[in-house]
Amino acid sequence: MMGVNSEKKILICEFHEETNTFNPVVMSVEGFKVVRYAEGQEAYDLCRKIPCAFHGMIDGVEEKGGKVIPTISLYGPSGGIVDDSVFELLCERMEYYVGSVTDFDAVCVSLHGATCTVSREDACGDFLQFLRDLVGEDKIIAASCDLHANVTEKMLKNADIICSYQSYPHVDFYEAGYRAATLCMDKLAGKPVKLAATTIPMMVPPTGYTSLEGVFKDIIDSGKKLVEDGELLDFSVLQVQPWLDIKEIGSTVIAVASDEETAKKYADMLAERLYENRDEFWPDLMTVDEVIDKAENNTTGKPVILVDAADSPNGGAVGDSVLPAIRLMERGSTVSAGMFVKDPEAVKKAFEVGVGNSAEFSVGAGFTPGMPGPLKAVGRVRSLHDGSFRQEGPAGRGFPCNVGMSAVISFGNIDIMVCEEPGASGDPQILRHFGIEPKLYDLIVVKANTSFKVPYSAFADDFCYADTPGAGASNLEYFDWKNLPKGFYPFDLPEDYELKKARIWR
């Protein structure tokens, strides 16, 4: 039976890319096409097949009796800053769709929330402001975003509802979209929905926390309990991804309730817990040689996992580091090792050389400034691939991924999968699909922050976070910061800093 929202029409759009400003590679619209660029019914049909935020928004609207009007889905992999032409395309298409629908009630937007373009440090805030100017003040705008979003004042001033992922590793893409759309429909039905938010001037590396255990899990669980008990309608605890050298940045806590005072009260409470535990969100780092030592002395029969989070494509880094392989060779180590590297030129040469043949290869260190390498050695081409696979998850289970043309090259005891554009870097399939079975190696290099933990825990238990160079380094002192605001943790925040009280933004 159709409900009170049966006649409500909701536009759904998507603009999702996690920017790392230390990644020198600018992302064009072709980069978005690697994951998803679709419009209209194609976007609707495509997103309904996967558990993404766009899908969650569709279900959240339709289950409340609303009508979905799909517009544009631009979903890119994490990477460098986005070319301005992508933002212009997004705005042009949304202007077309809004102009084509004479009677609609709201817009639901799937964002990452930490996207920069060549000329826009706050592309998500700029897009929400563009939408607000386009649709007017009477239309509701509801957004979902990543747990690592940089929620700015512009975003809070222009969106009525913001819901982030509540899991890290992220497994609730769908749920975040569903929550945002459901609150949107409730607000359209006349129910009170009040959002309060406060931002903390702090950043911490994603390698230092997870919603699976520890203090961050406790904070997320306390928010969930408030929702279960009916105190809150929703909450979001956003730990901003730290590789954004921009002027407005911070970690934001959002609480949504039926009244303003309750929303402000619990936003302040959750923010205080996040801030007071800030020193707990840091990983213990090892040198690459210390990790290799462990692998050489390992007798468990399980692989040692060298976590090279600094080069994680999931965190917006390039994926071109070969430092662990270089050290293995320099040491003359007999440890069997597997890893992947972004190197289109090495891929091209592997296809020219052919399967089963050997040649002198130069691999890695082709993009990231100051990256050690390349590795130069004779390698044998083991296999060639088109780069398409599906993730095993649980994060992104079933999601399609394409790393471009790719090849596996063996350098003695080291197997390297070289590819054009790595993605899903914490999923075992980025190695397993290409014949590098992680369980059969002494050492596996995983270029991810936390997403790998659940799938890799099925066959490994020694996870060693390495202090490595790269655009996603956990050691934030590694970077030459030029634009961060003064008074910012972990650099120069005064010890007597007092959190700003949460406020209602709309």
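The values are calculated or read from the model by the stated rules, or taken from the named source; none is laboratory data. Just so it is clear, the structure is predicted and the values come from calculations on it, not from any experiment. In this analysis, Cβ positions are derived from the backbone assuming ideal geometry, glycine residues included, and neighbour counts consider all displayed protein chains. Ligands, DNA and RNA are excluded from the accessible area calculation, which covers all protein heavy atoms including side chains. Shrake-Rupley method; radii C 1.70, N 1.55, O 1.52, S 1.80 Å.
Meeting the requirement of 1 or more residues that are of a type in the set (S, T, N, Q), no helices (runs of 4 or more DSSP H) wholly within segment 279-367 can be named. In the set (1) free of Cβ contacts under 8 Å to residues at least 40 places away in the same chain; (2) closer than 18 Å to P205 by Cα, the condition left unmet by D496 is number (2).
Scanning segment 39-95 for residues that are in contact with a strand residue (DSSP E or B) (Cβ under 7 Å, 6 or more places away or on another chain), without any contact (Cβ under 8 Å) to a residue 12 or more places away in the chain and of a type in the set (K, R) yields a total of 0. Scanning segment 382-419 for residues that are touching a Lys or Arg at 6+ places or on another chain (Cβ under 9 Å), among the aliphatic types (A, V, I, L, M) and open to solvent by less than 10 Å² (accessible area, probe 1.4 Å) yields V403, A407, V408, I409, V418. From (1) open to solvent by 20 Å² or more (accessible area, probe 1.4 Å); (2) closer than 21 Å to A310 by Cβ; (3) among the hydroxyl-bearing types (S, T, Y); (4) modelled with pLDDT of 95 or more, pick out the condition that doesn't hold for S451. Status for S451: all satisfied but (4). Inspect segment 287-297 for any residue being closer than 27 Å to T152 by Cβ and modelled with pLDDT of 95 or more and give the result as yes or no. Looking for residues that are closer than 27 Å to T152 by Cβ and modelled with pLDDT of 95 or more, one finds none in segment 287-297, hence no. The set of residues in segment 8-64 that are farther than 25 Å from R390 by Cβ, in contact with a Ser or Thr (Cβ under 9 Å, 6 or more places away or on another chain) and among the basic types (K, R) contains only K64. Can you confirm whether segment 221-234 contains a residue that is charged (D, E, K, R) and part of a loop (DSSP other than H, G, I, E, B)? Scanning segment 221-234, I find at least one residue that is charged (D, E, K, R) and part of a loop (DSSP other than H, G, I, E, B), so the answer is yes.
Among the numbered conditions (1) surrounded by fewer than 19 Cβ atoms within 10 Å (Cβ to Cβ); (2) of a type in the set (A, V, I, L, M, F, W, C); (3) in a strand (DSSP E or B), the only one that V215 does not meet is (3).
For the structure I just gave you, tell me whether T115 is under 22 Å from K501 (Cβ atoms) and among the polar types (S, T, N, Q). No; evaluated as a whole, the condition is false for this residue.
One residue stands out in segment 332-388 among those that are among the aromatic types (F, W, Y) and in contact with a Pro (Cβ under 7 Å, 6 or more places away or on another chain): the one that is farthest from D415 (Cα to Cα), namely F367.
The sole residue among A471, A502 that is closer than 30 Å to T262 by Cβ and buried (at least 21 other Cβ atoms within 10 Å of the Cβ) is A502.
Scanning segment 235-252 for residues that are of a type outside the set (G, A, S), assigned to a loop (DSSP other than H, G, I, E, B) and open to solvent by less than 10 Å² (accessible area, probe 1.4 Å) returns L238, Q239, V240, Q241, P242, W243, L244, I246. Starting from segment 165-177, keep only residues that are under 18 Å from S73 (Cβ atoms), then list their pairs with residues that are in a helix (DSSP H, G or I) and open to solvent by 10 Å² or more (accessible area, probe 1.4 Å) whose Cβ atoms are within a distance under 7 Å, requiring at least 6 positions of separation or different chains. That search, which allows pairs on different chains as well, returns Y165/F173; Y174/H55; G177/H55. The single condition from (1) hydroxyl-bearing (S, T, Y); (2) open to solvent by 10 Å² or more (accessible area, probe 1.4 Å); (3) more than 30 Å from E62 (Cβ to Cβ); (4) under 22 Å from the mean Cα position of the chain (by Cα) that S222 fails is (4). From the list L188, L195, which one is open to solvent by 30 Å² or more (accessible area, probe 1.4 Å), of a type in the set (A, V, I, L, M) and in contact (Cβ under 8 Å) with a residue 24 or more places away in the chain? On inspection, the qualifying residue turns out to be L188. Somewhere in segment 296-317, is a residue of a type in the set (D, E), surrounded by 20 or more Cβ atoms within 10 Å (Cβ to Cβ) and farther than 30 Å from G113 by Cβ? No - not one qualifying residue is present in segment 296-317. Listed here are the strands (runs of 3 or more DSSP E) enclosed by segment 389-506 that have at least 2 residues being under 24 Å from the mean Cα position of the chain (by Cα) and of a type outside the set (D, E, K, R): 400-402, 414-419, 443-446, 462-465.
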